[in-house]
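Please read the structure below before turning to the comments.
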Amino acid sequence: MASLAQQRRTLPGFGLGLGVTITYLSLIVLLPLATMLLRSLGNGPAFWWQAVSSARVLAALRLSFGASMAAAAVDVIFGLIIAWVLVRYRFIGRRWFDALIDLPFALPTAVAGITLSALYAGNGWLGQYLEPWGIKVAFTRVGVFVALVFVALPFIVRTVQPVLQDLDKECEEAAATLGASRWQTFRQVLWPSLAPALLTGFTMALARAVGEYGSVIFIAGNLPRVSEIAPLLITIKLEQYDYVGAAAIGSAMLLLSFVLLLVLNLLQRRMLRVQR
Amino acid sequence: MQVAVQGLSKAFGETAVLHDINLLVPEGQFCALLGPSGSGKTTLLRIIAGLEFADLGRVLFDSTDVADRSARDRQVGFVFQHYALFRHMTIADNVAFGLQVRERKLRPAAPVIKRRVAELLELVQLADYGARYPDQLSGGQRQRVALARALAIEPRVLLLDEPFGALDARVRKDMRTWLRGLQTKLGLTSILVTHDQDEALELADSVAVMEHGHIIQCASPQAIYDQPATPAVYEFLGGANRLTCRVSNGQLFVGDALLGSLAAADDAAADLYVRAHDVELLPTAPGTGLQGELLRLTWGGGMTHAQVRLQSGDTLEVDVPPWSSQGHSWLVGQAVTVRLRRYGVFGSLAGAHPAAFVGI
Amino acid sequence: MRALLIGVALAFIGLFLLLPLFVVFTEALRHGVLPYLAAIREPDAVSALLLSLKIVAIVVPINVTFGIFAAWTIAKFRFPGRSVLVSLIDLPFAVSPVISGLVYVLLLGSRGVLGPLLQDWDIQIIFALPGMVLATLFVTFPFVARELIALMEQQGNDEEYAARTLGAGGLQIFLRVTLPNIKWALLYGALLSAARALGEFGAVSVVSGHVRGYTNTLPLQVEILYNEYQFQAAFAVASLLALFALVTLVLKTVLEHRFGRELKTH
């Protein structure tokens, strides 16, 4: 068999394109990531395990992943409602609200961070009303959660929206003429198409939230073992010149994310198969 | 220019799509590749164009092997199924494209290109449409632009991939006639891919019927229609009934009824193919044909369609021309006799070779 | 039902998106226009702005170039390992920005794998502009490639094939046929990567070393001011970034409309 590069192609530029892409990707993404993975094991697997399993690191990882899942889950609910409203209803200012959904994409995370803490601090815009009720947001885990809800929202809305748009309205109408209630129509006609998109959105939201740094650190208060997220711990290790420790946490985060994404992908594949 | 394909094979990964294809299209001839989707006909056309490459075999333009040449250098006019017009260019720019991308020393001067584009648009009857964009044209018009664009490079062969597939029935019919006229006028060797047997039979000088990556028959439209080489060709050309029959001591039986004698001597089950319009329906007349019962009658414009259950248990579709009943009116449930005027018998064992053709 | 759903959706958008936006500008103008202007004219803020723009100016053209190569390779050809390549291009989206910075410190920092070598040659990458550019490249690589791949796959190859049979060369096909069909998507991808490059915080923070007036980008400047309790100044600088974000959103809406038309094939 002819080798990949020699194989005849209808259009020119395959060899060049593939070469350039792989080289660039290797230099900018793969080589640096590989360095980190190797470096994290630089003092042996036992050291890696020790670095990762310290109470402070475990707490940080638990918080990063736990708060991310909670935030992504909340966004699934509200994101679905928002997408539904934006696609199905016409009201004044709809286009503006639609454009605004991408704000968390566009607004630099540091800006989001200081703004959220100004909102939820004890004397802040919202914080002053919440505090008397005993609800503390800023400088607690709740703050981490709130920041991640902000960050992850567009991922859900933007994956569900096109699916909703493509859904054939006639299917719903057919269901209605066949005597289905609105709930039955939703459950049996809409949900099977929406669920995979929601799961995709959830996955993307989760991946983003787990790594989020800028918008969280200002509002979290960063108390070790309480409201300290894993990415922050990496920067702390770096400032202490504990490179291997930083690399260990980084590799643990990657590993956990990878396993999580894999599970979610398998789940989605099953979902799509069941549908067929 | 003559196009020849010799011993061509192609696989996509594990799936073989073309097996040992041989095809010859003489200078100025119009050849149709006819087959169901997935038969490999489009792949064959794209290999001839240089848009795909074969694993084995040769493609000859006259006597030059072009297998090593890219689509760019083959000088073929290719008309795509969905036209593939450049949507951001005007119609005139679309047609001029092939001339404008030539190397400077081969490129005609701007006024020459302009004149040539005007001529071509005239040829495809779109003289006033040069300044429009593809999405402002109807399907049939776009198809003609695609043709003008392909002709602009003065191709040595014209290749058309389901060119009328996306058009509605009436436009398709008009385009067919127009295209054949144009092809004859230009004397351009042409190869057309289609799954529409009427289109192939009406347009082409020769038809190559394809199935599962093989060319199962290549002949003139008349020969293809009158003497299908295999059951598949019979079935693909439409309107064919299949009856189980038996050959015994040189005699051909359907059920217990003797149909005639047959040169093939071997005792074996066989399939008999007969088209609905090659069957004659008669009031019952013992001894002259197959006996049966009239199951159903439907009126279909020019022809009446009858369904007959034979004594052998097979059902047979029959086209009854309006003039054939000779004042007789058919009743569902009555006993009838059918006479097969023209049919083919294929041994179910030894491959797909016809054992006999019987014509009256 | 309809009113309830609209109510819930708008309340959520108002609380989580609109209110923060409002807060940025209100806090920035809390003490009036003059302190606001003073804060954004402050030399450190100006040099941070210039550095941020410089990074954008370097990063976006690189992303556009490599995005085009990647998209051409992936959308126009079928080859083994293609889907792996697609996932690898998306990989930076799944990596924390902090890790994106970290990997470069580990590779190129003074204690990094190549650190001693770079020191011998007296090349400073980490805690300097090159490092910040690299970290930003890591984070922003997928934007252009992704938009282009999605669009080009949808458009198919027929026009390119047609150009090929008409005798066009590779560059001619790209410039005359492909590029006009993808130009809005390309701009869109460039816009997204510019916005992200301008606002990137985590990755840049790790490799910058926070050298005031030298390696501070706008987001880093916001952090410094905030940590020094100069809230009004922090929000003033932040308001610049928020303004850019709003411009991005407007342009994005316009571009989406434009290349929505590119998507409508045939």
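The values are calculated or read from the model by the stated rules, or taken from the named source; none is laboratory data. All values reported here derive from a predicted model rather than from experimental measurement. Cβ coordinates were reconstructed from backbone atoms using ideal geometry, including for glycine residues, and neighbour counts include every protein chain displayed. Surface accessibility is based on the protein's heavy atoms, side chains included, excluding ligands, DNA and RNA. Shrake-Rupley method; radii C 1.70, N 1.55, O 1.52, S 1.80 Å.
If you plug the beta carbon distance of C:Phe93 and B:Leu282 into 1/(1 + (r/R0)^6) with R0 = 56 Å, you get a FRET efficiency near 0.15. Between the amide H of B:Ser248 and those of B:Phe253, distances stay under 5 Å, these residues lying 5 or more places away or on another chain, with hydrogens modeled in the peptide plane. Helix B:139-152 axis versus longest C-alpha principal axis of chain B: approximately 60°, rounded to the nearest ten.
Taken over the protein assembly as shown, lysine pairs spaced eight or more positions apart, or on distinct chains, with alpha carbons under 29 Å apart number 22.
Can you give the FRET efficiency for C:Val46 and C:Glu228, using 1/(1 + (r/R0)^6), R0 = 22 Å, r = Cβ-Cβ distance, to the nearest 0.05?
Values: r = 18 Å, r/R0 = 0.80.
So the FRET efficiency works out to roughly 0.80.
A dipole drawn for chain B from +1 and -1 charges on Cβ atoms has a positive end, and of B:Trp299, B:Phe61, B:Gly238 the residue lying farthest that way is B:Phe61.
Rounded to the nearest 20 debye, the dipole magnitude of segment C:1-136 is 560 debye, with +1 charges on Lys and Arg beta carbons, -1 on Asp and Glu beta carbons, and the Cα centre as origin. Take the accessible area of C alone and of A alone, subtract that of the pair with a 1.4 Å probe, and the total buried over both chains is about 7400 Å².
Within the assembled protein chains, the solvent-accessible surface assigned to C:Phe22 is about 120 Å², based on a 1.4 Å probe. Please give the FRET efficiency for B:Gln222 paired with C:Arg258, using the beta carbon to beta carbon distance and R0 = 41 Å, rounded to the nearest 0.05. FRET efficiency, B:Gln222 to C:Arg258: 0.15. For segment A:112-143, a reduction of at least 40 Å² in accessible area between the chain on its own and the assembled protein chains (probe 1.4 Å) is found at A:Ile114, A:Thr115, A:Leu119, A:Trp125. Take every Cα pair under 8 Å whose residues are at least 6 apart in sequence, average their separation, divide by the length of chain C, and the relative contact order is 32 percent.
Could you report the buried accessible area between C and B, both sides summed, computed with a 1.4 Å probe and given in Å² to the nearest 100? Separately minus together, C and B give about 2100 Å² buried. Only DSSP H runs of four or more residues enter the estimate; each adds -39500 (n - 2.57), and after division by the residues of chain B the mean residue ellipticity at 222 nm equals -7000 deg cm²/dmol.
Taking 40 Å² as the minimum loss, tell me which residues in segment C:59-90 lose that much accessible area going from the chain by itself to the full protein complex (1.4 Å probe). When all protein chains are present, C:Phe66, C:Phe69, C:Trp72, C:Thr73, C:Phe77, C:Phe79, C:Leu85, C:Leu88 each give up 40 Å² or more of accessible surface.
Rounded to whole Å, the principal axis extents of the Cα atoms in the protein assembly as shown read 111, 73, 61, largest first.
Other residues whose C-beta falls under 12 angstrom from the C-beta of A:Ser40 contribute a net charge of +1, scoring Lys and Arg +1 and Asp and Glu -1.
A Cβ-based charge dipole, computed about the Cα centre of segment B:3-235 with Lys and Arg at +1 and Asp and Glu at -1, lands at about 1200 debye.
The residues of segment A:208-273 have, on average, 43 Å² of accessible surface per residue, using a 1.4 Å probe with all protein chains present. The heavy atoms of A:Thr159 offer some 30 square angstrom of accessible surface to a 1.4 angstrom probe.
Label-to-label distance, B:His305 versus C:His210, with points set 7 angstrom from Cα along the beta-carbon direction: 8.4 nm. Contour minus end-to-end for B:Asp65 and B:Thr298, with contour as 0.36 nm per residue of separation and end-to-end as the Cα-Cα distance? Residue separation times 0.36 nm, minus the Cα-Cα distance, leaves 78.4 nm.
Here the simple spin-label model places points 7 Å from the Cα toward Cβ, and for C:Lys183 and A:Gln165 these points are separated by 2.3 nm.
As a length-normalised measure over Cα pairs under 8 Å and 6 or more apart, the relative contact order of chain A settles at 29 percent. Roughly speaking, what is the centre-to-centre gap between segment C:17-76 and segment A:83-97 when only Cα atoms are used, to the nearest Å? What the calculation gives is 29 Å, centre to centre.
Roughly how many percent of the accessible protein surface of the protein assembly as shown is carbon and sulfur, given a 1.4 Å probe and a whole-percent answer? Write down the numbers at each step before the final one.
Values: 23780 of 39960 Å².
The computed percentage sits at 60.
Which whole-number value in Å² is the accessible area per residue of segment C:33-264, probe 1.4 Å? Walk me through the intermediate numbers first.
Values: 8770 Å² over 232 residues.
Result: 38 Å² of accessible area for each residue.
What the Cα atoms of segment C:1-126 give is an Rg and a Dmax of 22.9, 70 Å.
Rounded to the nearest angstrom and listed largest first, the equivalent-ellipsoid semi-axes of segment B:85-197 from its Cα gyration tensor are 24, 17, 12. For chain A, the calculated P(r) over all alpha carbon pairs, in 10 Å bins from 0 to the bin holding the longest distance, is 6, 21, 26, 24, 16, 6, 1, 0 percent. Amide H to amide H, with H built 1.01 Å from N, B:Ala11 comes under 5 Å of B:Val17, B:Asp55, counting only residues 5 or more places away or on other chains.
In chain A, the calculated helix contribution to ellipticity at 222 nm averages -23000 deg cm²/dmol per residue, counting -39,500 (n - 2.57) for every DSSP H run with n ≥ 4.
Relative to the Cα centre, what is the charge dipole magnitude of chain C, using +1 at the beta carbon of each Lys and Arg, -1 at the beta carbon of each Asp and Glu, and rounding to the nearest 20 debye? Before the final figure, lay out each step's value.
Values: 18 positive and 16 negative charges, 131 e Å.
So the magnitude is around 620 debye.
Across segment B:193-278, the mean sequence separation of Cα contacts (distance under 8 Å, 6 or more residues apart), normalised by length, yields a relative contact order of 20 percent. When nucleic acids and ligands are ignored and a 1.4 Å probe is applied, C:Phe66 ends up with an accessible area of around 50 Å². Connecting C-alpha atoms closer than 10 Å in a GNM of chain C, tell me which of C:Gly112, C:Gly167, C:Gly32 has the biggest fluctuation. Highest fluctuation of the listed residues: C:Gly167. The GNM of chain B, with springs linking C-alpha atoms under 10 angstrom apart, assigns the highest mean-square fluctuation among B:Leu106, B:Leu167, B:Leu297 to B:Leu106.
Going by accessible area, probe 1.4 Å, with all protein chains left in place, what is the ranking of C:Val33, C:Val105, largest first?
Numbers: C:Val33 90, C:Val105 5 Å².
Listed by decreasing accessible area, they come as C:Val33, C:Val105.
Among the residues of segment A:38-76, those with an accessible-area drop of 10 Å² or more from chain alone to full protein complex, heavy atoms and 1.4 Å probe, are A:Arg39. The alpha carbon convex hull volume per residue for chain C rounds to 183 Å³.
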